[in-house]
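Undergrad: Encoded as structure tokens, here's the structure I'll be asking about.
The values are calculated or read from the model by the stated rules, or taken from the named source; none is laboratory data. What you are looking at is a predicted structure, and each value in this text was computed from that prediction instead of being measured. So basically every Cβ, Gly included, is an ideal-geometry build from the backbone, and we count neighbours across all protein chains shown.
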Amino acid sequence: MPQSGLPPPSPPAYPLPAGTCVYVDYAKGLDSNAGSEAAPLKTLAAAVEKAVTDAHRSTPITATVVHRGGTHCLNATLRLTAKHIGLAIVNYPPRRGLFVRRSAT
């Protein structure tokens, strides 16, 4: 416990935004999956493209890539352009952080 005697604060819990949600889990996902919570995609790149493609069916674009823990390895730069306006990349509650690194391969 901190010296004040109070327990440390809990991380804030935010509801997932409305609109298209695509789940990504580098450890358990496959890019051939549907991108659902039960069948997540493996890579951020695949999840970003699926989210934007699915979200283009509605206007304005509201799409969210939900990160399900782990370290995500990138083999190339993940480029976000004007077509990605309205896209959010968030952590699956209660995850605290998203760590992305360049793959060694």
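Undergrad: Out of curiosity, is Cys73 at pLDDT below 85 and not in a loop (DSSP other than H, G, I, E, B)? So that I can check it myself, show each step before the final result.
TA: On the way: at pLDDT below 85: yes; not in a loop (DSSP other than H, G, I, E, B): yes.
Yes; evaluated as a whole, the condition is true for this residue.
Undergrad: Considering only residues of segment 19-55 that are closer than 17 Å to Leu80 by Cβ and without any contact (Cβ under 8 Å) to a residue 12 or more places away in the chain, which is surrounded by the most Cβ atoms within 10 Å (Cβ to Cβ)?
TA: Glu49
Undergrad: Any residue in segment 66-77 that is on the phi < 0 side of the Ramachandran plot sitting within a Cβ distance under 8 Å of a residue that is in a strand (DSSP E or B) and of a type in the set (Lys, Arg)? List the pairs, counting only those 6 or more apart or interchain.
TA: If the second residue must be in a strand (DSSP E or B) and of a type in the set (Lys, Arg), the pairs left are Thr71/Arg101; His72/Arg101; Cys73/Arg101; Cys73/Arg102; Leu74/Arg101; Leu74/Arg102; Asn75/Arg102.
Undergrad: Taking interchain pairs and intrachain pairs at least six residues apart, which have beta carbon atoms under 7 angstrom, with the first residue in segment 83-102 and among the aromatic types (Phe, Trp, Tyr) and surrounded by fewer than 13 Cβ atoms within 10 Å (Cβ to Cβ) and the second in a strand (DSSP E or B) and at pLDDT 55 or above?
TA: What qualifies is Phe99/Thr71.
Undergrad: Among the hydrophobic types (A, V, I, L, M, F, W, C), in a strand (DSSP E or B), at pLDDT below 90 and on the phi < 0 side of the Ramachandran plot: is that true of Ala88 in this structure?
TA: Details: among the hydrophobic types (A, V, I, L, M, F, W, C): yes; in a strand (DSSP E or B): yes; at pLDDT below 90: yes; on the phi < 0 side of the Ramachandran plot: yes.
Yes; evaluated as a whole, the condition is true for this residue.
Undergrad: Hey, another quick one. Out of curiosity, is Ala39 under 15 Å from the mean Cα position of the chain (by Cα), part of a loop (DSSP other than H, G, I, E, B) and modelled with pLDDT of 80 or more?
TA: Numbers: under 15 Å from the mean Cα position of the chain (by Cα): yes; part of a loop (DSSP other than H, G, I, E, B): yes; modelled with pLDDT of 80 or more: yes.
Yes, satisfied.
Undergrad: With (1) part of a helix (DSSP H, G or I); (2) at pLDDT 85 or above as the list, and Val66 as the residue in question, which single condition is left unmet?
TA: So the condition that Val66 fails would be (1).
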